[in-house]
Amino acid sequence: MAGVREYTVVRSPGVVRSVRSLYEAAWESAADLAEFRRARPPALSEQSRQILRLLGGGLKDEAAARRLGLSLRTYRRRVAEILTLLEADSRFQAGLRAQELGLLGPRPRRTAG
């Protein structure tokens with residue numbers, strides 16, 4: 001049944017010691033979540049990458065949404081999802097973070113002309 005919780009009370013000292021020992025071993029070998037996230041960049045869909053490129057290109061939300069064939073509301077929701085994924089507080093910060101993580105590929109080189 002959904003929403004029903006089950007539990008078992010164990011009072012056997014040997015079982016409690018074993019479970020506690022297992023917990024402590026797992027805790028000691030666990031990676032810090034913040035470090036783990038920094039070491040493994042989030043996977044972005046191609047659409048998320050396109051949105052980041054459009055943000056970097058300075059397009060207004062309306063123009064970017066139109067270019068991607070999305071409603072303005074959906075486009076803004078996707079931008080908010082990207083900010084959350086990249087742990088960014090602003091669109092600018094998201095762009096920097098994406099670049100740092102190599103999520104957008106190499107930056108194009110400018111040639112003297």
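The values are calculated or read from the model by the stated rules, or taken from the named source; none is laboratory data. Predicted, not measured: the structure shown is a model, and the values here were computed from it. Methodologically, a virtual Cβ is constructed for each residue, glycine included, from the backbone with ideal geometry; neighbour enumeration extends over all protein chains shown.
Here are some notes:
- Residue check, Arg11 assigned to a helix (DSSP H, G or I) and out of contact with any Ser or Thr (no Cβ under 8 Å at 6 or more places or on another chain): no
- Candidates in the range 76-91 are the residues that are β-branched (Val, Ile, Thr) and buried (at least 16 other Cβ atoms within 10 Å of the Cβ); of these, the one that is farthest from Asp61 (Cα to Cα) is Ile82.
- Qualifying residue in the range 94-107 (condition: of a type in the set (Asp, Glu), closer than 22 Å to Leu33 by Cα, at pLDDT below 95 and not in a loop (DSSP other than H, G, I, E, B)): yes
- Against the test of being out of contact with any Cys (no Cβ under 8 Å at 6 or more places or on another chain) and surrounded by 12 or more Cβ atoms within 10 Å (Cβ to Cβ), the options Arg40, Arg5, Arg11, Arg66 yield a single qualifying residue, Arg66.
- The residues of the range 24-41 that are under 22 Å from the mean Cα position of the chain (by Cα) and free of Cβ contacts under 8 Å to residues at least 60 places away in the same chain, listed by number, are Ala30, Ala31, Asp32, Leu33, Ala34, Glu35, Phe36, Arg37, Arg38, Ala39, Arg40.
- Helices (runs of 4 or more DSSP H) contained entirely in the range 32-84, each with at least 3 residues that are under 19 Å from Ala98 (Cα atoms) and not aromatic (Phe, Trp, Tyr): 33-39, 46-56
- Being hydroxyl-bearing (Ser, Thr, Tyr) and within 16 Å of Arg77 (Cα to Cα) holds for only one residue in Ser21, Ser48, Ser29, and it is Ser48.
- Single unsatisfied condition, Leu59 versus (1) loosely packed, with under 10 Cβ neighbours inside 10 Å; (2) modelled with pLDDT under 95: (1)
- Residue in the range 21-28 that is outside any loop (DSSP other than H, G, I, E, B), aromatic (Phe, Trp, Tyr) and modelled with pLDDT of 90 or more present: yes
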